[in-house]
Structures are given as C-alpha cells and as structure tokens.
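J.: Handing you a structure now.
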Amino acid sequence: MTTTNVGADDTPWVDGNALAGPLGEIIGTDLTVAELTCASCRTTRPLAAMRVFDRAPGLVARCPGCQDVVMRVVRTSSHVLVDLRGSLVLSLPAPTA
Amino acid sequence: MGGYVLTADNPITGALAEHGVAMGGYHIGIHRPSGSTGGSGVAAARPHGEGRMAVITRGFGGRRRDNTDLPPGQYRTDDFPVLSAGPTPRIGLDEWELAVVTETGGRSTWSWPEFTALPTDEATVDIHCVTRWSKFDTSWRGVSVDTLLADVETAAEYVVAHSYGGYTTNFPLEDLLDGQAWVAYEFDGEPLAPVHGGPARLLVPHLYFWKSAKWLRALELRLDDQPGFWETAGYHNYGDPWREQRHWAD
C-alpha cells in the first residue's frame, strides 16, 4: 500500500512502497524490505521511506532527508531501467534456507 | 523544412515562408502542415535585441483543431497536467538569476528586472508530453533564446539546460535558435505558476515537453553532448514527437 502526500510545495509524492511493484516485477523479490544508502547524505533508510514522485515520465525516488535522487525507474516499450547512481548501497536480507 | 512551417499574415511573405524561406517579420504563424512527418527545422530569422515585441500566433487563425494535429501516440487534453520529478523549487524574484555559460567559462547573467526588460515574444504553440497528452494552442510570453545568445561568442554545438532543483536536459544548439525556443515567464497572460515552472521555464515546443525545463537557471553551451536527467534514464536523446522518439531505442 502506498500513500499520497501533498506537501506545502504542491508537488505530490507517494511513499517508497510504490517502487515495490515495478522492481519486484523485474527482480522477482520483495524489495520493500530493502534498505538504500543515499549517495549524497549517506543516510540509510528502508526503501519504503523514500519519497517517490510518480507523476512524471518515470518513478523518481528521493531521499527524505536531503531530497537528492536515490533511484529512477523508467519503463520503455521493451525494458524497465533502474538507475541507482544516487544510491551507495542497496541492502537486502539474505534468503533463508 | 521539418515539422513546422512558418507563415506570415502578409500573403506574399507567407507564401515565401510556406516554402521554407526564413522571414524577418514580427507576425509569424506556426502550424504543422498535414502529412508532415517531423524534423527539427523551424527557421524564423528575427532581429535580436531591438526592443520590439514579436507576436507569434498560429496560422490559419480559428481553424478547428482535430486529431490530425496530434503526433503519433498522443491524445488531446484541455487540462494542463502537472508532472514533476521532485519538489517545486520556490525561487524569490530578488534572488532569481538566469545565466548563459560558454564552453570557455564566459558567463552572462540576468537578474529578474534585467531579464524582464528584454524584448519578448508572444508564442501560441502546441505542446506534447511524452506521457502521451498534447495540449493545443497554449499561449506564452517569453524571451527568445536568440535574444539571450545574441552577444555570446561560442563554438558550441550543444546545450544543457540547468534548472533550480537540479533537473537537466540537453539539446543540439541549433534546436534552440531561429525562433524555436523561448525562456517563458507568462502563461495565458498571467505570471507563470511555480508548478508549471515559474518564475521562468524553457519552452521548446517542437520537442517532447520534458525538454522544456521548468525553473530554468542556466543554459550551458558545450562542445560535446551531455544527456540530461531523463535522457540518461531511458528517454530519447532528441525527443521529436512527430517521429515518436520517446525512448532510447525509438
């Protein structure tokens, strides 16, 4: 589930759970439990804590602390592109046997 | 001649414009000829910095618009959807500045009073968003990029537009010249709202609207091409809506 927020800046965003669908579709695992480390402010937070601007040509996830872009997801006619240059680390729990 | 033809109210100059002759007039209509398959060319030569206002209106005034005016894959809307990749920057006019930076580091800047004292055009144009909506006959006032670059010496062939908030987008320089691009600060006769890119945004209507960068801060002239925010994330480097250049592979 995602929630929509309209801040004082008039630009609506949704929480990072909005990334789970498109990313899970291509990576095949539940990424809502993943953690991202922002390349700008180096803070580590759950994916769900990111602010996702989805009223755009793609999904743009921003760090809630420094507002820098941590991830971009674009769907073309044949591919889903995931740009992670704004993230230092993507951390996922190891699968249990 | 590419996706647009320039016509003038004067039937003689208008006829010349229909044949792709660049005009020096101040009453210029922009319309797409039926059957056009696109391209980047618009050539409307205009004297720079003469303190006169060009009025650019659609040709065939009052002609009813229909779906033949839509690029492939687009639908028409009468709304003005707001798309944004991040928070809306709020820039006070007392701190706003527009810069043109050359490949040698030369820098020209305009404060808000200086910028709004430049000669302006009124442009009525169709806009086409890559998310498939198009809006016909949008009305803007702004400063032609020709005016901003009139006194700039450069060998650059490319431009990166930089926005407040960090957004970037790239162009061949020729696509911003000859009456094809403006830095717009009024929409429908009102100051441009922040959600639509105010105080001032780039307006490049012959390319998909992501190229019309909101909250414009600088135009960087470069010798080499440098793909921008969406262009590095799967969107087409050029973005011609008439050739449906949405993504890298298009």
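J.: What distance in nm lies between label points placed 7 Å from Cα along the C-beta direction at B:Arg76 and B:Asp94?
T.: Taking the simple label geometry, B:Arg76 and B:Asp94 are separated by 4.6 nm.
J.: Here is a follow-up. Along the charge dipole of chain A, Cβ charges K/R +1 and D/E -1, which of A:Ala20, A:Ser87, A:Val74 sits furthest on the positive end?
T.: Of A:Ala20, A:Ser87, A:Val74, it is A:Ser87.
J.: Karplus couplings for segment B:195-212 from phi (6.51 cos²θ - 1.76 cosθ + 1.60, θ = phi - 60°), rounded to Hz, Gly and Pro as x?
T.: Each residue's phi maps through the Karplus curve to give 5, 9, x, x, x, 8, 10, 6, 10, 10, x, 7, 10, 3, 6, 5, 6, 8 Hz.
J.: Would you work out if segment B:94-250 is rounded, prolate or oblate? Take a ≥ b ≥ c from the square roots of the eigenvalues of the alpha-carbon gyration tensor; rounded if a/c is under 1.5, else prolate when a/b is larger than b/c, oblate otherwise. Don't jump to the answer; show the numbers that get you there.
T.: Details: a/c = 1.63, a/b = 1.11, b/c = 1.46.
Because a/c hits 1.5 or more and a/b fails to exceed b/c, segment B:94-250 counts as oblate.
J.: If I model a spin label at A:Thr32 and A:Arg45 as a point 7 Å from the Cα along the Cα→Cβ vector, what separation in nanometres do I get?
T.: 1.8 nm
J.: Now for a separate question. Please get the size of the charge dipole for chain A, origin at its Cα centre, with Cβ charges of +1 on Lys and Arg and -1 on Asp and Glu, quoted in debye to the nearest 20.
T.: Charge dipole of chain A: 180 debye, to the nearest 20.
J.: To continue, here is another question. Sequence gap at least 6, Cα distance under 8 Å: using those rules, report the relative contact order of segment A:12-90 to the nearest whole percent. List each step's numbers first, then the result.
T.: Details: 155 pairs, mean separation 22.4, N = 79.
Relative contact order, segment A:12-90: 28 percent.
J.: Which of the listed residues, B:Tyr158, B:Gly197, B:Leu176, is farthest toward the dipole's positive end in segment B:141-229, when Lys, Arg count +1 and Asp, Glu count -1 at the beta-carbon?
T.: In segment B:141-229, that residue is B:Gly197.
J.: Give me the Å³ per residue figure for the convex hull around the C-alpha atoms of segment A:12-90.
T.: Per residue, the Cα convex hull of segment A:12-90 comes to 77 Å³.
Computed from the coordinates by the stated procedures, all read-outs in this text should not be read as laboratory data. Predicted model, so just to flag it, every value in this text is computed and none were measured. FYI the Cβ positions are ideal-geometry reconstructions off the backbone, even for glycines, and counts take in every protein chain you see.
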